[in-house]
């Protein structure tokens, strides 16, 4: 007698393999493994999505900072405020809030001081 391939994905074969009381623990283990795999897949997707969102926000923040620096450069050039190496390094180390505060102060006072 020749062996016959039976695809366990068909209803008849699946029921034949896992439908008996003898194979009930095997079916429970199979379904549990399937659930764990799906949960792990969702966790991986969720972690990736969170990382993507955090990466985008960091990129946006860096873009805002660069835009503020460019605005300060333009303003300083227009009002002939000298930006030496020391002031450039100060600008490079500033965050968004500090850059906004400096920009407001420059617009108001029209000098670095």
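The values are calculated or read from the model by the stated rules, or taken from the named source; none is laboratory data. All of these numbers come straight from a predicted model, not from anything done at the bench. For neighbour counting, all protein chains shown are included, and Cβ atoms are generated from backbone atoms with ideal geometry for every residue, glycine included.
May I ask you to verify whether residue 28 is assigned to a helix (DSSP H, G or I), modelled with pLDDT under 90, surrounded by 10 or more Cβ atoms within 10 Å (Cβ to Cβ) and more than 28 Å from the chain's Cα centre (by Cα)? Give the derivation first.
Values: assigned to a helix (DSSP H, G or I): yes; modelled with pLDDT under 90: yes; surrounded by 10 or more Cβ atoms within 10 Å (Cβ to Cβ): yes; more than 28 Å from the chain's Cα centre (by Cα): yes.
Yes; evaluated as a whole, the condition is true for this residue.
Can you tell me which of (1) loosely packed, with under 10 Cβ neighbours inside 10 Å; (2) touching a helix residue (DSSP H, G or I) at 6+ places or on another chain (Cβ under 9 Å); (3) assigned to a helix (DSSP H, G or I) is the one residue 86 doesn't meet? The single condition residue 86 does not satisfy is (2). In this structure, residue 6 does not satisfy being assigned to a helix (DSSP H, G or I) and either under 36 Å from the mean Cα position of the chain (by Cα) or modelled with pLDDT under 80 (or both).
For every residue, the table says whether it meets (1) assigned to a helix (DSSP H, G or I); (2) over 31 Å from the mean Cα position of the chain (by Cα); (3) surrounded by 10 or more Cβ atoms within 10 Å (Cβ to Cβ); (4) in contact (Cβ under 8 Å) with a residue 24 or more places away in the chain.
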{"residue": "61", "(1), (2), (3), (4)": "yes, no, yes, yes"}
{"residue": "69", "(1), (2), (3), (4)": "yes, no, yes, yes"}
{"residue": "81", "(1), (2), (3), (4)": "no, yes, yes, yes"}
{"residue": "104", "(1), (2), (3), (4)": "yes, yes, yes, no"}
{"residue": "108", "(1), (2), (3), (4)": "yes, yes, no, no"}
